[in-house]
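Chemist: Attaching a single structure in structure tokens format; questions to follow.
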Amino acid sequence: MVLVSAIAVRDLLTAAPDPMPPDAVARAFKGRLTQKRRERVGEVLDILTDLGLARTGQRDGEAFYFARK
């Protein structure tokens with residue numbers, strides 16, 4: 001089983017040209033897009049946001065995440 005690491009998510013957000021919704025972050029990793037993966041990515045995004053390594057915003061009622069520059 002592949003676990004999503006905070007470093008991989010941070011690197012993905014840093015390389016992304018635009019803010020990403022959580023599902024797009026989850027789809028960026030190899031393997032099946034399961035509910036467990038979605039939940040884990042959401043946890044990692046929350047941790048990165050709490051640590052100040054990522055930022056979040058809302059657009060059309062949907063959360064988007066981006067790396068802190």
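Read-outs: derived from the displayed coordinates by stated rules, not from any lab. Here the structure is a predicted model, which is why all the values come from computation and not from measurement. Reconstructed Cβ throughout: ideal geometry from the backbone, glycine too, with neighbour counts over all protein chains shown.
Chemist: Which residues' amide hydrogens lie under 5 Å from the amide hydrogen of residue 54, considering only partners 5 or more residues apart or on another chain, with H built in the peptide plane?
Modeler: 49, 68
Chemist: Could I ask something else about it? Taking the 0 to 90 degree range and rounding to the nearest ten, how far is the long axis of helix 6-15 tilted relative to the main principal axis of the chain, both from C-alpha atoms?
Modeler: 50 degrees
Chemist: At a threshold of 8 angstrom on Cα-Cα distance, excluding pairs fewer than six apart, so keeping six or more, what relative contact order does the chain reach in percent?
Modeler: Details: 76 pairs, mean separation 27.2, N = 69.
So the answer I get is 39 percent.
Chemist: Shifting gears a bit: To the nearest 20 Debye, how big is the dipole of the chain about its Cα centre, given +1 on the beta carbon of each Lys and Arg and -1 on that of each Asp and Glu?
Modeler: Values: 12 positive and 9 negative charges, 53 e Å.
Around 260 debye, computed over the chain.
Chemist: Could you state the angle between the C-alpha long axis of helix 35-50 and the longest principal axis of the C-alpha atoms of the chain, as a value from 0 to 90 degrees rounded to the nearest 10?
Modeler: That works out to roughly 30 degrees.
Chemist: Let me ask another. For the chain, what does the equivalent ellipsoid look like in terms of its semi-axes, each the square root of 5 times an eigenvalue of the Cα gyration tensor, given largest first in whole Å?
Modeler: Values: eigenvalues 63, 35, 25 Å².
One finds semi-axes of 18, 13, 11 Å for the chain.
Chemist: With n ≥ 4 as the cut-off for DSSP H runs, can you work out [θ] at 222 nm for the chain, using -39500 (n - 2.57) per run divided by the number of residues, rounded to the nearest 500? Numbers along the way, then the final one.
Modeler: Numbers: 3 runs with 32 residues, N = 69.
-14000 deg cm²/dmol, from helical runs alone.
Chemist: Most fluctuating residue of 40, 27, 59 in a GNM of the chain with Cα springs under 10 Å: which is it?
Modeler: Judging by the Gaussian network model, the answer is 59.
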